[in-house]
Structures are given as structure tokens and as C-alpha cells.
Amino acid sequence: MALLRLLFIFVLFQYCKAAGELYDTPDPVTVRADGLCATVVNPQGYQCQEFEVITEDGYILALHRIPQGRGRDDRPRRQPVLLQHGVLMDGMTWLLNSPEESLAFILADAEFDVWIANVRGTQWSRRHISLDPSSPAYWYWSWDELSMYDLTTTVDFVFNQTGQKLHYVGHSMGTTIALAALSERRLVDKLKSAALLSPVAYLSHMTSALGIIAANSFTGEVQFDPKGLVAKDFLNSICHATGVDCYDFMTAFTGINCCLNSSSIDYFLQFEPQPTSVKTLVQFAEIYREGVITRYHDDWRLGLGTTTAYNISNIPQDFPLLLSYGGRDSLTAEEDVQLLLNDLREHEKDKLRLQLVKEYAHMDFVMAVNAKSVVYDGVIEFFKRQSVLYCKPHFEQLFKESVLAKALTEGWRVCDMHLPQDWRRKFQIAHYGRTPAKIEELASSIECPGIAMSASQEEKKCSFITPSSDPMYVVYHDEEWGVPVHDDRMLFELLVLTGAQVGMDWTTILKKRNEFRVAFVEFDVESVSKFTEKQMVSISVELKLDLGRVRGISLSTLKQN
């Protein structure tokens, strides 16, 4: 009997071990010949892996991974980023343009570990452990389930696979399900930050004629396939309504997108739009009609006395958020984003970054040919700023001790990819003159959890950089020269420094940069606009600047405010 018990325990242990390997940390599945990896990613020269994850309610989802950029990559551990598409879309959202213009490829080349989600019902996630996609029961879900099950399962999987917190990028509905999850304090322990492109929480000011008619029309609880006969009949009927021009369906629905490539639109039509459930569309219609971000009304999880609205203000105030939205977006109107910001009014100011792109509409954020310089570079900078939390305590201590964590002349890089630009400048400028030997000794002793160090590589430099150039000037060339800047405060700083250069050389200005920052209150526009005459005279004397120039800077900021 004892032997039988031992045998039973051994078999049970082996079964549980196998089950853990199968469901907790599975290997990539065989790449499908018609899948995203084989048809889109691999042909561009990138590695790609496909995984399958199973949600709590039985849906089998495809998850694609681009683990590194093109070419050789020696980084042993890269920061994971999850990309979540919007409604009627799938993972192709992030791959519709060239590698130089598509966010998934751009992130991979920027040394991120890129994971691409595909929600239930889309072409690579149309499976269930027991339900057939042809049955109405398969489509009985709203975006509540996408937030509670699909998003949670996907984030958990990536977190467990990589052992790191994730950065998150959502577009359209991808922002809605993230806001819902964060408002319920789900996933905050597994996400490092979130960049929300065209954030959808309110739709009260939606101007899309097609969207408004649709919002007043959707009923039922079955599949909505944009390429199916029922959907075509529906669209044909509303396209004859007054004020709706469906000749350009994308414009009629999302607004006038400024910067789409015609070939990208053709490519888009090969893969998109994707099916979703009518319940999902009905739920968005409820948001439009009721003016709040609401759960689907017949949700069985709601008991008596339970509110149907998500409380966005419940999102942790210290959770880093980036909101980027367009001035021509007929779905995500500026007024609705302001309602969302009102919910976030208690959010810590340094944890909330906003960007309004006046010329952008809804699809520009994922398809515009200039999105890299306009939006994506800022997203990457935002992510790297959050990652500094891993290294910041070490750097703060060194900063207090007047120690530079990167040797300017020897090319040491400590957590360099994850150290935001202003931090790099802070250390480089404040500790100008440290000996390379001392820097090397201290830099080699720093440990940055989860972030690998890499040696500097020889880079091409402009002709005005010579072996005798001042190290601070070399650093400015390497780190800032020609790099797009979208941060208002940084732009203000560069404008002031450029104006102050008259009569001085740029190296002198760089060496006095910290003095300028102190004098101009870290280039805070509101503070500078309130300078008194006495303060302006003091700054003029201290920095050896013409008083009229200082006065002009203050008056300019006053006009801005």
C-alpha cells in the first residue's frame, strides 16, 4: 500500500510538472504558414515567435513576439512591451507600414522585447476549447470580457515569460480595456507604464456621422463581421443617410487622417477590418448615449446596487500614463479627452504626459508615415524614463557624491538605453572634468537590476567634432544634436540657450547649463512668466546676459500663458 501511495504521488508530480510546462511557460507553437510571423514579420528580416494562451473563459488567443531587432543583438534581457489593437482590428495594426514606420518594428530596433496581442474573434484568435466560432454562443461577450480575460491572460503570460513588468501601448479600444483594468487595480503590479493612443473613455462629443448613426443602431448579441453580408447591408443602409459620405469609409468613420500612405491603406484592406461581437459595439454605443465609460448592462457579474460605470479616478495616481490624441479625430474628440483628464485630475503631474497632435485623426496614430517622429519617439522616451526607476537609486547616490556614472572619454554606458535624456545630461554636465580612471572604477561597480551594460560602439561624428573637441561638446553631439524634441520644457530650454549663445561659443553655454536651469526655474514657463524686474536684473548680471534678452524671454512666456 505504501508503495502504491508513493507511485501515485510520483505520477501526480510528473503530471503536474508537465501541466505546468504546458500551460505556465509553454514553448512557441509551430509558426503558421499563413500567420503574422510568416507573412509579415519574417520577410522583413525579424525573428518572430507565436504563442497560444487560453483565457479563463476558454478562448484560445494568438500572441506574437518579436524578441529583437534586425541583425545581431547581444542584449541578454530586453524590456517587454505589449501592443494592444483596437476594435475591428488585430495585431496587424502595428505592422501596416515599413519597418521604419511601424511601431512594432521600431520598438524591436530600439532594443525592446515586443509582444503583439490579438483579442478573441480576430483571424488568429478565433478558437475556443469547446465553442465553435459559427455558433452565437462563441460571440456572447463584450469588451468587458476583453479587459477582464483577454488582457489579463495576455499580460500574465508575458510577465511570467519574461520575469519583468511590461510597458503597454494601446490604440482605441486597446486603451479602453486598459483603463477599465487599471481602474479596478488589476495588472498594476505587472505593468510598468501605459501609452494610450487615441484614448477612448468617453464618446459624448464624437463627431463621426457614421459612428453616431451606428451608435444609435446596434442591437443584438451575435457576431459583427465587417466583411459579411449582414454588415454590408447595414453599412449600405446607413451610407445613404444625410451627411454620411461612405466613399472613403475610413474617413467617414475616423475623421480626416492627414498622413496615410495609399499603399498602406491597400495593405490594411488585405487584413482588416476584423470581426467582433455585436455586444462590444453595443457597449460603445452605451458609452456614447450615457456619457460614461460603462459596463455592458446585462452583465451577469453586476449585482443589485452595483454601478455599471468604471471609476477611472480609481487608477493609482502614481501609475505612469501617456495620452496622445488628435485634433481631427472624429471618434476621440478633444472634449472627451478633457473629460478623461478630469477623472485623472488627482494624478501625480510627473506621472501623466499629454500630447495633442492637431493634424492627426484616429488612424494616423497607427498608420501615419510620420508617426515615428511625431508620436513613437516620444513613446520610447517615455518608456525609458520609467525604466530609470531600476537604476535611479544608484545614480542618485552617485550624484550626491559627485560621481559620474558614465565615462565621457572612455565610452562607459551604464543603463544607457534605459536612462532618459535629461538624466544623462544631468550627470554628464554636472560632473564635467572627472578623470576616466575614477569613472571607470565607479561605473564598473554599479549594479542596475535587470538591465545589461553594453560597451560603447564607434560612431560616425560630424566634421566639427575632432580629437581635441571638449568632451562635453562631444556628448552634446552624440546625445542631442539632430534629435527631435517634443517636450515643451526641453524646447523652451534649447530656445533660451540658443539665444544666449550670441557672443559666446556653444561649449561655454553647455558648461553654464545648470546655472541657466537654476536661474530659469528648470525652464518652467509659468514661473518664468512671473519674473519681477528685480529677478530679471539679477539673472542678467549672474549669467552675463543682456537685460533686454532676459526681459524678452519673460514677456514671451507671459504671452504663451
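The values are calculated or read from the model by the stated rules, or taken from the named source; none is laboratory data. Note that the structure is predicted; figures quoted are calculated from it, not measured. Backbone-built Cβ (ideal geometry, glycine too); neighbour counts: all protein chains shown. The area values use the complete protein model at the heavy-atom level, side chains included, leaving out ligands, DNA and RNA. Shrake-Rupley method; radii C 1.70, N 1.55, O 1.52, S 1.80 Å.
The table for this structure:
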item: Residue under evaluation residue 10, criteria (1) open to solvent by less than 20 Å² (accessible area, probe 1.4 Å); (2) of a type in the set (Phe, Trp, Tyr); (3) modelled with pLDDT under 50, criterion not met; result: (1)
item: Cβ pairs under 6 Å, 6+ apart, first in the range 362-376 and of a type outside the set (Val, Ile, Thr), second surrounded by fewer than 21 Cβ atoms within 10 Å (Cβ to Cβ) and assigned to a helix (DSSP H, G or I); result: 367/264
item: Subset of the range 531-548 (residues that are basic (Lys, Arg) and either under 15 Å from residue 509 (Cα atoms) or within 43 Å of the chain's Cα centre (by Cα) (or both)); result: 544
item: Selection status of residue 156, of a type outside the set (Ser, Thr, Tyr), open to solvent by 10 Å² or more (accessible area, probe 1.4 Å) and free of Cβ contacts under 8 Å to residues at least 24 places away in the same chain; result: no
item: Contacts under 6 angstrom Cβ, first residue in the range 127-147 being under 20 Å from residue 296 (Cβ atoms), partner among the β-branched types (Val, Ile, Thr) and assigned to a helix (DSSP H, G or I), 6 or more apart; result: 142/280; 143/177; 143/280; 146/177; 147/177
item: Residue identified as of a type in the set (D, E, K, R), touching a strand residue (DSSP E or B) at 6+ places or on another chain (Cβ under 9 Å) and under 24 Å from residue 382 (Cβ atoms) among 487, 524; result: 487
item: Within the range 98-121, considering residues that are acidic (Asp, Glu) and in contact (Cβ under 8 Å) with a residue 60 or more places away in the chain, the one surrounded by the fewest Cβ atoms within 10 Å (Cβ to Cβ); result: 100
item: Near pairs, Cβ below 7 angstrom, 6+ apart or cross-chain, from the range 331-354 (over 19 Å from residue 320 (Cα atoms)) to any residue that is open to solvent by 80 Å² or more (accessible area, probe 1.4 Å) and of a type in the set (Val, Ile, Thr); result: 333/207
item: Candidate set from the range 316-338 (those that are acidic (Asp, Glu) and either part of a helix (DSSP H, G or I) or out of contact with any Ser or Thr (no Cβ under 8 Å at 6 or more places or on another chain) (or both)); member that is surrounded by the most Cβ atoms within 10 Å (Cβ to Cβ); result: 336
item: Close pairs from the range 497-514: first free of Cβ contacts under 8 Å to residues at least 40 places away in the same chain, partner in a helix (DSSP H, G or I) and among the hydroxyl-bearing types (Ser, Thr, Tyr), Cβ under 8 Å, at least 6 apart; result: 506/473; 506/476; 507/473
item: Filter result for residue 341 (open to solvent by 20 Å² or more (accessible area, probe 1.4 Å), under 19 Å from the mean Cα position of the chain (by Cα) and more than 25 Å from residue 144 (Cβ to Cβ)); result: no
